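Here is the structure we will look at, set down as structure tokens.
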Amino acid sequence: MFFISLHSFSQYGSIELNTGGFSFIPIFTSDKPHLIIRAGTNQDKRFTLNLLNLVMMDGLTPTNYSLMARYMVFHKKFKLSLGTHFPGYRVMENEEYRSRYVHEIRSSYPINVKTKLLFLYMHGIGRNFEMTNNFYSIYFQKIFKKIISTSQFYQLYTNLLDEPSTGIAQKFSLELSKKMKLNVFVNKSIIGKDIFNRTLGIEYSF
């Protein structure tokens, strides 16, 4: 019933089986196997809703939930959107429940048909715990036939770490069929806390 409702609500949707979790902030990506559920309304409209839900495979435990509303301020060649995440949550490994508010600014500019520059800024505030995050990221996206390559440079300022963190990340998405793709994600911090993680996932779109 959940997937029927999800399909009727969304213009896009997918389910991914991944060796790790997912976070918009790469250093918060989990190394535990997860199901990742994504859905959203028509992305060509000015106002969109987007769902991201993570379920840990161990016990099928929900671990992360985000429902995002975005409004496209500029909808021409250069795109700029403002967004807010309705109060979401994250369940830590010790089963601590953490809820947060998040606001974001997104922009993109196509260099050509197969190349795009993107920018993301996110400001997060904890609801039931002390957290202030400011996250800045620049992406370079390139399409090579059936492969989409996304290179990322990011910087995170947060009171959850002793010092700011800077890192690089790389994602490859290989189209296996019209509805199936293979995702590979690698992340490495270069300044701040030493973090390296990688995930591998199979994503099915419906």
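Taken together, the values in this text are just the output of simple stated rules run on the coordinates, not laboratory data. Only a predicted model underlies this, so the values are computations on that prediction, with no experimental measurement involved. As a convention, Cβ positions derive from the backbone with ideal geometry for all residues, glycine included, and neighbour counts pool all protein chains shown.
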For this session: Report the paramagnetic label zone for residue 82: residues of region 111-132 whose backbone N is under 20 Å from a point 7 Å from Cα along the Cα-to-Cβ axis.
Result: 119-125
Exercise. Can you sort 72, 57 so the residue with the fewest Cβ neighbours within 10 Å comes first?
Worked result: 57, 72
Problem set entry | Pairwise label distance in nanometres, residue 145 with residue 42, each label 7 Å out on the Cα-Cβ vector | 3.4
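Let me know the Kirkwood hydrodynamic radius for region 2-199, please, with Cα pairs as the basis and the value in Å to one decimal. Could the numbers behind the result be given before it?
Numbers: mean 1/r = 0.0562 Å⁻¹.
Evaluated over region 2-199, this radius sits at 17.8 Å.
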Problem set entry | Paramagnetic label zone (point 7 Å from Cα along Cα-to-C-beta, residue 198; backbone N under 18 Å) in region 166-180 | 168-174
For this session: Work through the residues other than residue 158 whose Cβ is under 12 Å from its Cβ and net out their charges, Lys, Arg +1 and Asp, Glu -1.
Result: -1
Problem set entry | Residue-averaged 222 nm ellipticity for the chain, from DSSP H runs of 4+ at -39500 (n - 2.57), nearest 500 | -1000 deg cm²/dmol
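Counting Lys and Arg as +1 and Asp and Glu as -1, what is the net charge of the other residues whose Cβ lies under 15 Å from the Cβ of residue 99? Let's see the in-between values first.
Details: positive: 90, 98, 100, 127; negative: 95, 96, 130.
Residues near residue 99 contribute +1 overall.
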For this session: Treat each spin label as a single point 7 Å out from the Cα along the C-beta direction, and report the residue 12 to residue 184 distance in nm.
Result: 2.3
Exercise. In whole percent, what relative contact order does the chain give with Cα contacts below 8 Å and a gap of six or more residues?
Worked result: 14
Exercise. Taking R0 as 22 Å, what's the FRET efficiency between residue 114 and residue 172 from their Cβ-Cβ distance, rounded to 0.05?
Worked result: 0.90
Exercise. In a Debye calculation with equal point scatterers on the alpha-carbon sites of region 64-163 and no solvent, what is log10 I(q)/I(0) at q = 0.18, 0.24 Å⁻¹?
Worked result: -0.96, -1.24
Exercise. At what distance in angstrom do the alpha carbon centres of region 24-44 and region 71-91 lie from each other?
Worked result: 15
